[in-house]
Amino acid sequence: MAFLIARRSIRRLASVAALLGLLISAGGADLARAEGVRDNVKAAYLYNFARFCEWPDAVKAKPALTVGVLGDRQFAEELVDQLKDRPLDGKMLKVVALSSPEDAPTCDIVYVRGARRGDAATILKTTAGMPILTVGDADTFSRAGGMISFMESNGVVRFAVNTASVQKSGLKISSQMLQYAIIINEHSGADRRARLA
């Protein structure tokens, strides 16, 4: 039963992502609306990344999971509204706007979005080997050692996962989520594109 619910959740995300592609293709006045939908899709993905990640006991013991957003305070504020009524296994998701990449180790999930040049590299350095899920907006983020990066294909938001980086952190991501991801081979830079259905 839990497996069916999980599959429905990811399929729902896929449907929203497909809708995003339609909005973007409309162009003109719809483009601003599409930007808002794109952000909603990413917010939904962030929630499900947390949901389909297997956290260590120390993180499970916390009353809340902290999601840090670097580079876009406005998105962080919008994310607060989107996640405030969506507890995860009884935990609240606390969203904070990071003022510096050095603050990343205080979070459980770090989303690098429109940050300054070099900030992503600093975050990856300061969180190396720690059970902190790192997510980036740039499609090169996961190839550079980040765990997950958002990508767009024909106007549809996809995500790539660097499984080697995830393993080094001690985290585990559900295979149910990985089947919808683009899997990055950290060493060769190659990827395996999974079916999005």
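The values are calculated or read from the model by the stated rules, or taken from the named source; none is laboratory data. It should be emphasised that the depicted structure is a prediction, and the values quoted were computed from it without experimental measurement. Counting neighbours? That spans all protein chains shown, and the Cβs are built from the backbone with ideal geometry, glycine included. The protein model used for the area step is the full one, side chains on, heavy atoms only, and it has no ligands, DNA or RNA in it. Shrake-Rupley method; radii C 1.70, N 1.55, O 1.52, S 1.80 Å.
All told, F150 falls short of being open to solvent by less than 30 Å² (accessible area, probe 1.4 Å) and within 20 Å of Q167 (Cβ to Cβ). Residues that are out of contact with any strand residue (DSSP E or B) (no Cβ under 6 Å at 6 or more places or on another chain) and assigned to a helix (DSSP H, G or I) are absent from the range 85-99.
Yes/no matrix, rows are residues, columns are (1) open to solvent by less than 20 Å² (accessible area, probe 1.4 Å); (2) at pLDDT 90 or above; (3) over 24 Å from R51 (Cα atoms):
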{"residue": "D108", "(1), (2), (3)": "yes, yes, no"}
{"residue": "G114", "(1), (2), (3)": "no, no, yes"}
{"residue": "A120", "(1), (2), (3)": "no, yes, no"}
{"residue": "I132", "(1), (2), (3)": "yes, yes, no"}
{"residue": "D137", "(1), (2), (3)": "no, yes, no"}
{"residue": "S142", "(1), (2), (3)": "yes, yes, no"}
{"residue": "G146", "(1), (2), (3)": "yes, yes, no"}
{"residue": "N154", "(1), (2), (3)": "no, no, yes"}
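One residue is enough: does the range 74-91 have a residue meeting the conditions surrounded by fewer than 21 Cβ atoms within 10 Å (Cβ to Cβ) and in contact with a Gly (Cβ under 6 Å, 6 or more places away or on another chain)?
For the range 74-91, residues surrounded by fewer than 21 Cβ atoms within 10 Å (Cβ to Cβ) and in contact with a Gly (Cβ under 6 Å, 6 or more places away or on another chain): absent.
Among the residues of the range 113-140, those that are assigned to a loop (DSSP other than H, G, I, E, B) and touching a Ser or Thr at 6+ places or on another chain (Cβ under 8 Å) comprise T127, G129, M130, P131, I132, D137, A138, D139, T140.
Would you say G36 is at pLDDT below 90, assigned to a loop (DSSP other than H, G, I, E, B) and either at negative phi or open to solvent by 20 Å² or more (accessible area, probe 1.4 Å) (or both)? For G36, the condition - at pLDDT below 90, assigned to a loop (DSSP other than H, G, I, E, B) and either at negative phi or open to solvent by 20 Å² or more (accessible area, probe 1.4 Å) (or both) - is not met. In this structure, does M147 turn out to be of a type in the set (A, V, I, L, M, F, W, C), within 18 Å of K172 (Cβ to Cβ) and over 14 Å from the mean Cα position of the chain (by Cα)? Against the criterion (of a type in the set (A, V, I, L, M, F, W, C), within 18 Å of K172 (Cβ to Cβ) and over 14 Å from the mean Cα position of the chain (by Cα)), M147 does not qualify. When restricted to residues that are in a loop (DSSP other than H, G, I, E, B) and in contact with a strand residue (DSSP E or B) (Cβ under 6 Å, 6 or more places away or on another chain), the range 144-164 contains 2. Among the conditions (1) modelled with pLDDT of 95 or more; (2) part of a helix (DSSP H, G or I), the only one that V69 does not satisfy is (2).
Across the range 128-143, what is the total count of residues that are hydroxyl-bearing (S, T, Y) and without any contact (Cβ under 8 Å) to a residue 40 or more places away in the chain? Of the residues in the range 128-143, 2 are hydroxyl-bearing (S, T, Y) and without any contact (Cβ under 8 Å) to a residue 40 or more places away in the chain. Among the residues making up the range 54-73, those that are over 15 Å from the mean Cα position of the chain (by Cα), surrounded by 12 or more Cβ atoms within 10 Å (Cβ to Cβ) and of a type in the set (A, V, I, L, M) are V59, A64.
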